[in-house]
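As structure tokens, the structure follows; a few thoughts come after it.
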Amino acid sequence: MIAMSSSDGSSRPQSLNSRKGEAIAIQGVSKRFGPIVGVDGVDLHVEAGEFLSLLGPSGSGKTTLLMMLAGFEVPSSGSITLGSRDLTHVSPDKRGIGMVFQRYALFPHMSVAQNVAFPLKMRGLSKAEIAPLVQQALSRVRPSELWWPHARPAFGRSAAACSGGTGLGFPAARPSHG
């Protein structure tokens with residue numbers, strides 16, 4: 001598994017760029033499933049605002065590492081910290097970390113914009129606070145693909161009507177806030 005990163009946030013909307021974040025530190029993290037080693041001694045540091053890609057073949061531990069970061073798996077050894085907070089044994093709902101699974105999750109009964117707004121609504125933001133964050137987040141996801149013929153915005157259509165590739169981008173656009 002290879003981790004590639006970039007700290008160039010120039011393409012991010014200004015209000016999301018100015019949001020303070022915290023570094024993620026993964027230190028000596030391993031995960032065993034019985035005799036099988038899923039992740040073996042990973043050390044990784046991701047600065048606030050840094051974009052990171054995990055590359056590797058099937059079975060190299062990418063998803064398992066992300067599952068541990070999100071709290072859906074507990075490391076067999078090592079630690080995961082966000083800023084100064086040890087998250088190693090903190091439940092997913094207490095972490096404030098979002099994750100889009102390999103099989104993306106859209107709520108088919110909601111529009112694309114409602115899907116993107118959902119986590120912000122769950123955090124108690126007002127409609128006035130949510131609307132500009134949703135617009136900014138959607139503008140980051142291939143803007144040329146956000147328009148239907150006749151200038152109808154795709155983010156107003158049902159999530160179920162999105163093609164696979166377009167649909168995959170919208171959960172990734174969900175803003176992390178709070």
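Read the figures in this text as sums done on the coordinates, not as results from a lab. Please read all numbers here as calculations on a predicted model, not as lab measurements. Counting neighbours? That spans all protein chains shown, and the Cβs are built from the backbone with ideal geometry, glycine included.
Working only within the range 63-95, note down all residues that are touching a Ser or Thr at 6+ places or on another chain (Cβ under 9 Å) and either among the β-branched types (Val, Ile, Thr) or within 13 Å of Gln27 (Cα to Cα) (or both).
Passing the criteria: Met68, Val74, Pro75, Ser76, Ser77, Gly78, Ser79, Ile80, Thr81, Asp86, Leu87, Thr88.
I need every pair where a residue in the range 51-68 that is closer than 22 Å to Gly96 by Cβ has its Cβ under 7 Å from the Cβ of a residue that is surrounded by 17 or more Cβ atoms within 10 Å (Cβ to Cβ) and among the basic types (Lys, Arg), sequence separation at least 6 or different chains.
Within 7 Å, the pairs are Leu54/Lys62; Thr64/Lys31; Met68/Lys31.
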